[in-house]
Amino acid sequence: MRESKAMILGCAGLSLNEAERAFFKEENPFGFILFSRNIENAEQVLRLTKDLRTAIDNPQAPILIDQEGGRVQRLRPPIAANYPSASQLGEIYQKKADVGLHAVWLMSRLHAFDLLSLGINVNCLPVLDVPSPDGHEVIGTRAYSKRAEDVVKMGRVACEGLKAGGVLPVIKHMPGHGRAMADTHKELPIVTTPHLDLSASDFIPFKALSEELMAMSAHVVFSDIDTSNPATTSAIVIHDIIRSEIGFDGLLMSDDVSMNALSGDFAQRTSRIFSAGCDIVLHCGGDMDEMETVASNTPILSGASHTRAAAVLSSLAEPDDIDEQDIRQEFEALISEFGINAS
């Protein structure tokens, strides 16, 4: 099998056009990511995921999605249920911790049922960010708790539920997005919090779950660590914080290279992402011109990055044999008991 390029790409619509098919075959990305624009019904999504893998002749290729629950949920009824947000699960946890953790596990296991049936084998969950009171709402209800210790417990259980269902988690947004006072889709946030304070809170969930195989970086400047570069393009943050202090040795992908928090053209952004030490560049928009530029500045997976990518592929496993309807009924009864409305 040909070696993959160190990139995860999107596509424009509900099916592949011939230009996309030829491009993916030629460039051989490591994997793909789906968004709402790629989703119409279950049969169509399953056909698309099969076509994406066929295009690169890799039946194991990772196909990612952001299926968190709450407002970040690409699959909606009737393809998948509306699920509660992380903060709603956190409310259950605050009332009864063991029940809250079980609710987190159940929801992740249900995500895995939904995703794997469509050919999606990686979920960009859990969000391990610890929100601060003045942080931007872009994280907001996507966070489990304002307490790092609670985020650790719920995030770990979320990972376990996904993996029990044969879906790999991506922890995000490393090393922490909770203090950002701007939406990185639109602008670059600068966090001035001292390093020691970040270590005592924001970094804790990522350090606790550093054994996970995949993580997504934050387009956030931590000025006490690197005065000008966001984590995604900061060799200091990636080497000194993510790899050393946090101890993460898994596959580190950038957040979307298209986001306005990053400066420069797509060639510059892509080159900076790899120069800083990210293993994978993520391009989500499906724009062919942009993808061609990203691809031309993306290396073949090699060295430690290749080893990490191989570990991801070798960890894709068959799901357990738990009954879907049983746990779906249990989950629905549980959130109803606590007055949680997931619509």
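All of the numbers you see were taken from the coordinates with simple rules; none came from a lab. Here the structure is a predicted model, which is why all the values come from computation and not from measurement. With ideal geometry, Cβ positions are generated from the backbone for all residues, glycine too; neighbour counts draw on all protein chains shown.
For this structure, a couple of remarks:
- Under the criterion of Cα pairs below 8 Å and six or more residues apart, the relative contact order for the chain equals 18 percent.
- Rounded to 5, the percent of DSSP beta bridges in the chain classed as antiparallel: 15
- Helix runs (DSSP H) in the chain reaching 30 Å along axis by Cα, Kyte-Doolittle at least -1.0: none
- For the chain, built as a Gaussian network whose Cα springs stay under 10 Å, the top-fluctuating residue of GLN94, GLN60, GLN329: GLN329
- Per-residue [θ]222 nm for the chain (sum of -39500 (n - 2.57) over DSSP H runs n ≥ 4, rounded to 500): -11500 deg cm²/dmol
- Residue exposure proxy: MET7, MET216, ordered by other Cβ atoms within 10 angstrom of their Cβ from fewest to most, comes out as MET216, MET7.
- Of all the options PRO77, PRO62, PRO205, the one that moves most in a Gaussian network model of the chain with Cα springs shorter than 10 angstrom is PRO77.
- Between HIS195 and HIS306, the contour length at 0.36 nm per residue exceeds the Cα-Cα span by 36.9 nm.
- The charge dipole of the chain, taken about its Cα centre with unit charges on the Cβ of Lys, Arg, Asp and Glu (plus for the first two, minus for the last two), comes to roughly 80 debye.
- At R0 = 35 Å, FRET efficiency that the Cβ-Cβ distance of ALA333 and ARG243 yields, to 0.05: 0.20
- Legend: ranking of residues THR298, THR293 from fewest to most surrounding C-beta atoms inside 10 Å; resulting order THR293, THR298.
- Using a Förster distance of 30 Å, the FRET efficiency for ASP323-GLN60 (Cβ separation, nearest 0.05): 0.65
- Taking segment 1-84 and dividing mean pair separation by its residue count, relative contact order in percent (alpha carbons under 8 Å, at least six apart): 29
- Mean separation of Cα contacts under 8 Å, 6 or more apart, over the residue count of segment 217-343: relative contact order %: 20
- Scattering profile of segment 1-69 at q = 0.26 Å⁻¹ [log10 I(q)/I(0), Debye over alpha-carbon scatterers]: -1.27
- Taking one quarter of the surface of the convex hull spanned by the alpha-carbon atoms of segment 5-337 gives a direction-averaged projected area of 15.1 nm².
- Separation between Cα centres of segment 121-173 and segment 286-343, rounded to whole Å: 13
- GNM top mover of VAL138, VAL152, VAL220 - the chain, alpha-carbon springs below 10 Å: VAL138
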